[in-house]
Amino acid sequence: MNLFAEFLQVVREAVTTAAATQGVTLPDLSKVTAEPPRDPSHGDISTNAAMVLYKAFGVPPKALAETLSALLRMQKNVAAVDIAGPGFINIKLQADQWPRVLQAILAEGGRYGGSTLGGGKKVNVEYVSANPTGPLHVGHVRGAVFGDALAELLTTCGYQVTREYYINDAGAQVDVLARSAYLRYLEALGETIGDIPAGLYPGDYLNPVGQALAQEFGPALKDMPEVEWLPIVRSKAITMMMALIRDDLAALNIKQEVFASEKELHETGEVKDTIAELRARDLVYQGTLPPPKGEVPEDWEDREQTLFRTTGFGDDIDRPLLKSDGSYTYFASDVAYSRNKIQRGFNELIYILGADHGGYVKRLEALGAALAGDREVDVIVRLCQLVKLYRAGEPVRMSKRAGEYVTLRDAVDEVGPDVLRFMMLFRKNEAPLDFDFAKVTEQSKDNPVFYVQYAHARTCSVLRNAAEEGFVPAETHSFDLLSDEAELGLARRLAEFPRIVEAAALAHEPHRIAFYLFDLAGDFHALWNKGKDSPHLRFILKEDVNLTQTRLAFLVAIRYVLANGLRILGVRPAEEM
């Protein structure tokens, strides 16, 4: 049940009736909203219908608001309608609407908040996609959590979602990985390798790779020239690094369905076929590019290249597909990969990238536009700003070049996946995030994840205590007994959840769920504290069985919404703390 969607339809029907009565062509209603007013004293639902449609009706906003208000007052579920300011319409609902919402929550349970908004639209969400050259570091966490939560949010709203990781297992960086692993192999054979040369990966995480190679091949690789041992070591290192990455993601409760390989795109001929297709469409040509902006590198060459006409689809410059030695560029692989996704039937391609990849936005959008052909394919890039790490207020310094950094697994082991996930989502993805290892584990109302988890645990605690005293939630609900303003305010908050979920899905902003849960927890804790001062508001009243059972059912509804929201975020709802 989505109360606000229901009343949006009521508002639209009022507009349709007014248009028919006045002989007005029915205008576009897509900008009409029905949402909670900022000030609860103004009513339960506010609509901007008169403000966005008055021009179509040819009357001032207030005049249209009066016409629509008269029609809305005729609805049986409406108690009062007022006009505010230049033409906003505020609706007060009949008291029986809140029991109806609570009954719907109990009936729908874990499905409450779900939606058919997506209509089965096929969406590919690609996130993390870190080079398989080492374990994930804490800088990868935000994009990983954001992408995973967004995928779950879209799934909740009826989209057919595929979670995907693109493995960059072709190119120079994996050869560097192989040479780095080869040194660890020599070390495993008992040789002294000394300091790791500049340009190679110094981390100890490659020790198991070297040991595995020594166990499998013994000294045989030493007798081979590099051209022979390099592909063997590269394959082993990539396999073991990806296993490590999968384990790290699993520790954060992230499991992606598809791991797409850049190397396979080359081996299967998809890169070659893609460029041939673009040539046939006259989207590839031989030409030169202007020098890069700013200081021109010494090795820059003004030479003819094989270029893709991406500027025709909104990119800043045309992009090279072949290097001077005839090998493919990284971008050529990106083109083939985008084509691969489109051929798999996705209607929407979502990329989750770090803020340092902002330059990729236009080129990825251009690829989607160029490769889609007659199909409607939306390409959406979401950027995640950097995370600054602190420990009790002191910055945590990292140096990936030196092999000294906080890994994703380090962070999970220290604070737990639930804390890590919630706090990474408790800020909009495009805003910088400060993460303090000490503060996020504090048990106080200033710690959002504790505040929300504690609310869920409290509902569970009361229900356990009630069961021990012989009370169970009412099967026949008398929610009209809930009359205190704190109870009604909490019911109103619960009614907002489906609207928040849909809005978050449309905007690709899972942080809205985290914000909502924090507000819901605040309402619940306020009601709990009010019961301390006013005993008649407590959940268990031994002298009033009916009211106790009703309030326990109310608790079950609150618990469902908290749990459903936390599930979208990938956070475990705590049952005790």
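The values are calculated or read from the model by the stated rules, or taken from the named source; none is laboratory data. Because the structure is predicted, anything quoted here is derived from the model rather than measured. Note that each Cβ is placed from the backbone with ideal geometry, even for glycine, and that neighbours are counted across all protein chains shown.
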Qualifying positions in segment 563-577 - buried (at least 24 other Cβ atoms within 10 Å of the Cβ) and farther than 16 Å from Cys157 by Cβ: Val571
Among the candidates Ile193, Ile245, Ile238, Ile254, residue that is of a type outside the set (Gly, Ala, Ser), over 25 Å from Val138 (Cα atoms) and either assigned by TED's automatic domain parsing to the domain that holds Pro417 or modelled with pLDDT under 95 (or both): Ile193
Give the residues of segment 223-243 that are hydrophobic (A, V, I, L, M, F, W, C), surrounded by fewer than 19 Cβ atoms within 10 Å (Cβ to Cβ), in a helix (DSSP H, G or I) and in contact with a helix residue (DSSP H, G or I) (Cβ under 9 Å, 6 or more places away or on another chain), sorted by residue number. Leu230, Ile232, Met240
With in contact with a Phe, Trp or Tyr (Cβ under 7 Å, 6 or more places away or on another chain) and surrounded by 13 or more Cβ atoms within 10 Å (Cβ to Cβ) as the only criterion, which of Leu367, Leu371, Leu383, Leu321 stands out? Leu321
Show the residue pairs meeting these rules: Cβ distance below 8 Å; 6+ apart or different chains; first residue within segment 402-413 and within 16 Å of Val387 (Cβ to Cβ) and at pLDDT 70 or above; second residue hydroxyl-bearing (Ser, Thr, Tyr) and surrounded by fewer than 19 Cβ atoms within 10 Å (Cβ to Cβ). Tyr405/Ser399
When the residues of segment 155-189 are narrowed to those that are under 22 Å from Gly199 (Cβ atoms) and basic (Lys, Arg), which ends up farthest from the chain's Cα centre (by Cα)? Arg184
Test each condition in (1) under 30 Å from Ala220 (Cα atoms); (2) surrounded by fewer than 21 Cβ atoms within 10 Å (Cβ to Cβ); (3) among the charged types (D, E, K, R) for Glu152 and report the one that comes out false. (1)
Show the residue pairs meeting these rules: Cβ distance below 6 Å; 6+ apart or different chains; first residue within segment 434-463 and over 12 Å from Met423 (Cβ atoms); second residue part of a helix (DSSP H, G or I) and among the β-branched types (Val, Ile, Thr). Thr459/Ile558
Which ones in segment 311-329 are β-branched (Val, Ile, Thr) and under 15 Å from Val361 (Cβ atoms)? Thr311, Ile317
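Yes/no per residue for (1) surrounded by fewer than 16 Cβ atoms within 10 Å (Cβ to Cβ); (2) among the acidic types (Asp, Glu); (3) outside the structural domain of Glu509 (by TED's automatic domain parsing):
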position: Gly294; (1), (2), (3): yes, no, yes
position: Arg309; (1), (2), (3): no, no, yes
position: Asp325; (1), (2), (3): yes, yes, yes
position: Thr329; (1), (2), (3): no, no, yes
position: Val335; (1), (2), (3): no, no, yes
position: Ser338; (1), (2), (3): no, no, yes
position: Gly358; (1), (2), (3): yes, no, yes
